[in-house]
Amino acid sequence: MEFFDWTSVPQIVLMYLTPNVESGAQAAAQMRWIQMICLICAAGLYLAGLLCGGFGLMTMAKRQGIKFWWIGFLPFGNTYLTGKLAGETNFFGKKMKRMGLYAMICEIMYVVFQIAMLVAWYQLMSGEFFVLVEPEKGPSYWELDLSLVGQMYPQHAWIVTFYNVISVIAQAWWFVMLLFFCFLFSAFFRKYYARSPFLMTFLCAFLPLRGFVLLAVRKNTPVDYNAYLHRRYEQMRQQQGGYGAGGYGTPNAPSGGNEPFSDFGSPTPPDGGSNGGNSDAGGSPFEDFK
(Lines give C-alpha, C1' and ligand atoms only; values in the text may rest on other atoms or scores of the structure.)
Protein backbone atom coordinates (compact mmCIF):
# COMPACT_ATOMS: atom_id res chain seq x y z
CA MET A 1 0.00 0.00 0.00
CA GLU A 2 1.41 3.36 -1.04
CA PHE A 3 0.66 4.98 2.31
CA PHE A 4 3.47 3.17 4.11
CA ASP A 5 5.87 3.76 1.21
CA TRP A 6 5.25 7.50 1.43
CA THR A 7 6.07 7.58 5.18
CA SER A 8 9.76 6.96 4.48
CA VAL A 9 10.10 10.14 2.40
CA PRO A 10 9.46 12.78 5.11
CA GLN A 11 11.04 10.52 7.73
CA ILE A 12 14.43 10.69 6.02
CA VAL A 13 14.24 14.49 5.86
CA LEU A 14 13.04 15.02 9.42
CA MET A 15 15.70 12.75 10.92
CA TYR A 16 18.34 15.24 9.80
CA LEU A 17 16.42 18.37 10.77
CA THR A 18 15.44 17.57 14.36
CA PRO A 19 17.43 19.24 17.17
CA ASN A 20 19.53 17.43 19.76
CA VAL A 21 17.88 16.24 22.96
CA GLU A 22 19.14 16.10 26.53
CA SER A 23 17.23 13.14 27.96
CA GLY A 24 15.64 9.84 27.02
CA ALA A 25 12.18 11.29 27.56
CA GLN A 26 12.90 14.06 25.06
CA ALA A 27 14.30 11.52 22.61
CA ALA A 28 11.14 9.40 22.84
CA ALA A 29 8.93 12.47 22.42
CA GLN A 30 10.98 13.53 19.42
CA MET A 31 10.62 10.11 17.79
CA ARG A 32 6.86 10.17 18.31
CA TRP A 33 6.71 13.66 16.84
CA ILE A 34 8.72 12.60 13.78
CA GLN A 35 6.49 9.58 13.22
CA MET A 36 3.33 11.69 13.54
CA ILE A 37 4.58 14.23 10.99
CA CYS A 38 5.51 11.41 8.62
CA LEU A 39 2.07 9.82 8.94
CA ILE A 40 0.32 13.11 8.24
CA CYS A 41 2.47 13.84 5.17
CA ALA A 42 2.05 10.28 3.92
CA ALA A 43 -1.72 10.51 4.38
CA GLY A 44 -1.84 13.65 2.23
CA LEU A 45 0.27 12.13 -0.54
CA TYR A 46 -1.67 8.88 -0.43
CA LEU A 47 -5.01 10.71 -0.60
CA ALA A 48 -3.83 12.67 -3.64
CA GLY A 49 -2.73 9.47 -5.37
CA LEU A 50 -5.95 7.69 -4.42
CA LEU A 51 -8.10 10.43 -5.95
CA CYS A 52 -5.98 10.64 -9.11
CA GLY A 53 -6.00 6.88 -9.54
CA GLY A 54 -9.71 6.71 -8.81
CA PHE A 55 -10.47 9.25 -11.50
CA GLY A 56 -8.29 7.36 -13.98
CA LEU A 57 -9.89 4.00 -13.17
CA MET A 58 -13.36 5.54 -13.32
CA THR A 59 -12.71 6.83 -16.84
CA MET A 60 -11.44 3.47 -18.07
CA ALA A 61 -14.12 1.44 -16.25
CA LYS A 62 -16.96 3.51 -17.69
CA ARG A 63 -15.58 3.04 -21.20
CA GLN A 64 -15.55 -0.73 -20.59
CA GLY A 65 -19.09 -0.73 -19.21
CA ILE A 66 -18.12 -1.62 -15.62
CA LYS A 67 -20.87 -0.38 -13.31
CA PHE A 68 -18.96 -0.52 -10.02
CA TRP A 69 -16.37 2.05 -11.16
CA TRP A 70 -16.71 3.88 -7.84
CA ILE A 71 -14.59 1.29 -6.00
CA GLY A 72 -11.59 2.79 -7.79
CA PHE A 73 -11.73 5.61 -5.23
CA LEU A 74 -11.52 3.17 -2.29
CA PRO A 75 -8.38 1.69 -0.75
CA PHE A 76 -7.99 -1.94 -1.85
CA GLY A 77 -10.96 -1.50 -4.17
CA ASN A 78 -8.72 0.23 -6.69
CA THR A 79 -6.52 -2.87 -6.80
CA TYR A 80 -9.53 -5.10 -7.48
CA LEU A 81 -10.81 -2.79 -10.21
CA THR A 82 -7.37 -2.73 -11.83
CA GLY A 83 -7.57 -6.51 -12.05
CA LYS A 84 -11.00 -6.36 -13.67
CA LEU A 85 -9.69 -3.94 -16.29
CA ALA A 86 -6.54 -6.03 -16.85
CA GLY A 87 -8.62 -9.13 -17.56
CA GLU A 88 -6.98 -12.53 -17.76
CA THR A 89 -3.47 -12.61 -16.30
CA ASN A 90 -0.68 -15.06 -17.04
CA PHE A 91 0.76 -16.20 -13.70
CA PHE A 92 3.76 -18.49 -14.26
CA GLY A 93 2.09 -20.03 -17.29
CA LYS A 94 -1.36 -20.32 -15.73
CA LYS A 95 -4.28 -18.15 -16.80
CA MET A 96 -5.88 -16.36 -13.86
CA LYS A 97 -9.05 -14.26 -14.03
CA ARG A 98 -8.98 -13.00 -10.44
CA MET A 99 -5.48 -11.59 -10.10
CA GLY A 100 -6.95 -8.30 -8.84
CA LEU A 101 -8.69 -10.13 -6.00
CA TYR A 102 -5.56 -12.03 -4.97
CA ALA A 103 -3.46 -8.87 -5.11
CA MET A 104 -6.06 -7.06 -3.00
CA ILE A 105 -5.94 -9.80 -0.34
CA CYS A 106 -2.14 -9.57 -0.25
CA GLU A 107 -2.40 -5.81 0.12
CA ILE A 108 -4.88 -6.08 3.00
CA MET A 109 -2.63 -8.52 4.85
CA TYR A 110 0.38 -6.24 4.34
CA VAL A 111 -1.51 -3.29 5.82
CA VAL A 112 -2.53 -5.41 8.83
CA PHE A 113 1.12 -6.27 9.48
CA GLN A 114 2.18 -2.64 9.13
CA ILE A 115 -0.49 -1.43 11.56
CA ALA A 116 0.54 -4.09 14.09
CA MET A 117 4.16 -2.92 13.78
CA LEU A 118 3.11 0.69 14.26
CA VAL A 119 1.11 -0.07 17.40
CA ALA A 120 3.99 -2.08 18.89
CA TRP A 121 6.44 0.67 18.00
CA TYR A 122 4.44 3.28 19.89
CA GLN A 123 4.37 0.98 22.93
CA LEU A 124 8.17 0.97 22.93
CA MET A 125 8.58 4.74 22.61
CA SER A 126 9.26 5.40 26.28
CA GLY A 127 12.09 7.51 27.65
CA GLU A 128 13.07 4.68 29.99
CA PHE A 129 14.21 2.59 27.03
CA PHE A 130 16.60 5.17 25.55
CA VAL A 131 20.30 5.21 26.43
CA LEU A 132 22.92 7.87 25.80
CA VAL A 133 25.56 6.83 23.26
CA GLU A 134 28.89 8.68 23.40
CA PRO A 135 31.07 7.68 20.43
CA GLU A 136 34.77 8.45 20.38
CA LYS A 137 34.25 10.73 17.42
CA GLY A 138 31.18 12.87 16.83
CA PRO A 139 28.46 14.18 19.13
CA SER A 140 26.58 11.96 21.57
CA TYR A 141 23.02 10.89 20.89
CA TRP A 142 20.14 8.95 22.44
CA GLU A 143 19.32 5.51 21.09
CA LEU A 144 16.50 3.06 21.71
CA ASP A 145 17.72 -0.06 23.53
CA LEU A 146 15.04 -2.76 23.38
CA SER A 147 16.95 -4.97 25.82
CA LEU A 148 15.93 -2.56 28.59
CA VAL A 149 12.30 -3.56 28.17
CA GLY A 150 12.99 -7.11 29.33
CA GLN A 151 15.24 -5.91 32.16
CA MET A 152 12.90 -3.27 33.57
CA TYR A 153 9.52 -4.75 32.67
CA PRO A 154 9.87 -8.51 32.06
CA GLN A 155 6.10 -8.87 31.80
CA HIS A 156 6.16 -6.64 28.71
CA ALA A 157 9.12 -8.32 26.98
CA TRP A 158 6.68 -10.02 24.64
CA ILE A 159 6.12 -6.66 22.91
CA VAL A 160 9.73 -6.65 21.74
CA THR A 161 9.45 -10.22 20.48
CA PHE A 162 6.18 -9.42 18.77
CA TYR A 163 7.67 -6.33 17.10
CA ASN A 164 10.72 -8.24 15.82
CA VAL A 165 8.66 -11.16 14.53
CA ILE A 166 6.03 -9.03 12.84
CA SER A 167 8.78 -6.93 11.21
CA VAL A 168 10.24 -10.04 9.57
CA ILE A 169 6.81 -11.26 8.48
CA ALA A 170 5.89 -7.86 7.05
CA GLN A 171 9.11 -7.70 5.06
CA ALA A 172 8.61 -11.21 3.68
CA TRP A 173 4.98 -10.50 2.87
CA TRP A 174 6.01 -7.36 1.00
CA PHE A 175 7.84 -9.55 -1.51
CA VAL A 176 4.72 -11.72 -1.92
CA MET A 177 2.59 -8.63 -2.52
CA LEU A 178 5.18 -7.25 -4.92
CA LEU A 179 5.07 -10.47 -6.94
CA PHE A 180 1.31 -10.27 -7.39
CA PHE A 181 1.49 -6.56 -8.16
CA CYS A 182 4.10 -7.13 -10.87
CA PHE A 183 1.92 -9.69 -12.65
CA LEU A 184 -1.20 -7.55 -12.18
CA PHE A 185 0.25 -4.30 -13.52
CA SER A 186 2.17 -6.08 -16.26
CA ALA A 187 -1.10 -7.50 -17.60
CA PHE A 188 -2.83 -4.14 -17.14
CA PHE A 189 -0.25 -2.07 -19.01
CA ARG A 190 0.21 -4.65 -21.75
CA LYS A 191 -3.40 -3.79 -22.47
CA TYR A 192 -3.45 -0.04 -21.78
CA TYR A 193 0.13 1.04 -22.54
CA ALA A 194 1.67 -1.64 -24.71
CA ARG A 195 4.52 0.61 -25.80
CA SER A 196 6.32 0.30 -22.45
CA PRO A 197 4.47 -1.90 -19.94
CA PHE A 198 7.62 -2.75 -17.96
CA LEU A 199 8.36 0.88 -17.11
CA MET A 200 4.78 1.50 -16.01
CA THR A 201 4.78 -1.69 -13.95
CA PHE A 202 7.94 -0.54 -12.17
CA LEU A 203 6.38 2.85 -11.35
CA CYS A 204 3.24 1.24 -9.92
CA ALA A 205 4.60 -1.87 -8.21
CA PHE A 206 7.94 -0.65 -6.83
CA LEU A 207 7.18 3.05 -6.34
CA PRO A 208 4.11 4.69 -4.73
CA LEU A 209 3.08 6.35 -8.01
CA ARG A 210 0.19 4.11 -9.03
CA GLY A 211 -2.51 6.78 -8.82
CA PHE A 212 -0.66 9.34 -10.91
CA VAL A 213 0.26 6.77 -13.59
CA LEU A 214 -3.34 5.53 -13.84
CA LEU A 215 -4.52 9.10 -14.27
CA ALA A 216 -2.00 9.63 -17.06
CA VAL A 217 -3.12 6.59 -19.10
CA ARG A 218 -6.86 6.98 -18.51
CA LYS A 219 -7.59 7.91 -22.16
CA ASN A 220 -5.82 4.92 -23.63
CA THR A 221 -7.72 2.40 -25.71
CA PRO A 222 -7.16 -1.25 -24.69
CA VAL A 223 -5.20 -3.27 -27.24
CA ASP A 224 -4.15 -6.89 -27.77
CA TYR A 225 -0.50 -7.02 -26.71
CA ASN A 226 0.41 -9.95 -28.97
CA ALA A 227 -1.17 -8.22 -31.96
CA TYR A 228 0.69 -5.05 -31.04
CA LEU A 229 4.03 -6.90 -30.99
CA HIS A 230 3.19 -8.51 -34.32
CA ARG A 231 2.54 -5.09 -35.88
CA ARG A 232 5.84 -3.79 -34.55
CA TYR A 233 7.64 -6.82 -35.90
CA GLU A 234 6.09 -6.29 -39.32
CA GLN A 235 6.98 -2.60 -39.25
CA MET A 236 10.60 -3.37 -38.37
CA ARG A 237 10.77 -5.95 -41.13
CA GLN A 238 9.38 -3.46 -43.65
CA GLN A 239 11.91 -0.87 -42.51
CA GLN A 240 14.66 -3.42 -43.04
CA GLY A 241 13.37 -4.25 -46.50
CA GLY A 242 12.74 -7.90 -45.62
CA TYR A 243 15.42 -10.51 -45.10
CA GLY A 244 16.75 -10.17 -48.63
CA ALA A 245 18.39 -7.08 -49.99
CA GLY A 246 18.62 -4.39 -47.38
CA GLY A 247 17.85 -6.91 -44.64
CA TYR A 248 19.59 -7.52 -41.35
CA GLY A 249 23.33 -7.14 -41.49
CA THR A 250 23.40 -5.70 -45.05
CA PRO A 251 24.78 -2.28 -46.01
CA ASN A 252 21.31 -1.09 -47.04
CA ALA A 253 19.74 -1.83 -43.64
CA PRO A 254 18.58 1.38 -41.91
CA SER A 255 20.64 2.45 -38.95
CA GLY A 256 19.21 1.39 -35.60
CA GLY A 257 17.04 -1.30 -37.15
CA ASN A 258 18.71 -3.99 -35.07
CA GLU A 259 18.17 -2.16 -31.81
CA PRO A 260 16.49 -4.69 -29.48
CA PHE A 261 15.21 -1.92 -27.20
CA SER A 262 13.67 0.20 -29.92
CA ASP A 263 10.27 -0.25 -28.27
CA PHE A 264 11.33 2.20 -25.58
CA GLY A 265 12.16 4.99 -27.94
CA SER A 266 10.19 4.57 -31.15
CA PRO A 267 8.61 7.93 -32.07
CA THR A 268 5.98 6.42 -34.38
CA PRO A 269 3.95 3.44 -33.19
CA PRO A 270 2.86 0.87 -35.75
CA ASP A 271 -0.85 1.42 -35.34
CA GLY A 272 -0.85 4.87 -36.89
CA GLY A 273 -0.46 6.93 -33.72
CA SER A 274 -2.22 4.83 -31.11
CA ASN A 275 1.07 4.16 -29.32
CA GLY A 276 -0.10 1.05 -27.63
CA GLY A 277 -3.56 2.33 -26.90
CA ASN A 278 -2.60 5.97 -26.21
CA SER A 279 -4.23 7.62 -29.18
CA ASP A 280 -5.41 10.67 -27.26
CA ALA A 281 -2.19 11.45 -25.47
CA GLY A 282 0.04 11.95 -28.49
CA GLY A 283 2.56 9.24 -27.60
CA SER A 284 3.20 10.14 -23.96
CA PRO A 285 1.04 9.09 -21.02
CA PHE A 286 1.97 12.33 -19.23
CA GLU A 287 1.05 14.65 -22.10
CA ASP A 288 -1.76 16.18 -20.01
CA PHE A 289 0.74 17.47 -17.44
CA LYS A 290 2.97 19.38 -19.84
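One table, with the values for the structure above:
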{"quantity": "Table column - 3J(HN,Hα) (Hz), the range 221-233, Karplus curve with 6.51, -1.76, 1.60, x for Gly and Pro", "calculated": "8, x, 10, 8, 5, 5, 5, 5, 5, 5, 5, 5, 4"}
{"quantity": "Gln235/Met125 FRET efficiency (R0 45 Å; Cβ-Cβ; nearest 0.05)", "calculated": "0.15"}
{"quantity": "Protein accessible area in the range 171-227, 1.4 Å probe - carbon and sulfur %", "calculated": "72"}
{"quantity": "Solvent-accessible heavy-atom area per residue, rounded to whole Å², over the range 1-150 at 1.4 Å", "calculated": "55"}
{"quantity": "Cα→Cβ-extended label distance, 7 Å offset, between Trp158 and Leu51, nm", "calculated": "4.3"}
{"quantity": "Kirkwood Rh and Cα Rg combined as Rg over Rh, evaluated for the range 1-154", "calculated": "1.15"}
{"quantity": "Gain on full stretching of the segment that runs from Lys137 to Phe68 - 0.36 nm per residue minus C-alpha separation", "calculated": "18.7 nm"}
{"quantity": "Phi-based couplings in Hz for the range 139-150 (Karplus 6.51, -1.76, 1.60; Gly and Pro marked x)", "calculated": "x, 6, 8, 9, 9, 6, 10, 5, 5, 5, 4, x"}
{"quantity": "Distance between modelled label sites at Trp33 and Ser167, nm, 7 Å Cα→Cβ extension", "calculated": "2.4"}
{"quantity": "In sequence order, calculated HN-Hα J values of the range 77-85 (Karplus, 6.51, -1.76, 1.60; Hz; x Gly/Pro)", "calculated": "x, 5, 5, 5, 5, 4, x, 5, 6"}
{"quantity": "Accessible surface of the range 1-152 [probe 1.4 Å, protein heavy atoms]: carbon and sulfur percent", "calculated": "64"}
{"quantity": "5 Å-binned pair-distance histogram of the range 65-224 (Cα, whole percent)", "calculated": "2, 8, 14, 16, 13, 10, 8, 8, 7, 7, 5, 2, 1, 0"}
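The values are calculated or read from the model by the stated rules, or taken from the named source; none is laboratory data. Just so it is clear, the model here is predicted, and its values are computed rather than measured. Note that each Cβ is placed from the backbone with ideal geometry, even for glycine, and that neighbours are counted across all protein chains shown. Accessible surface areas use protein heavy atoms only, side chains included; no ligands, DNA or RNA. Shrake-Rupley method; radii C 1.70, N 1.55, O 1.52, S 1.80 Å.
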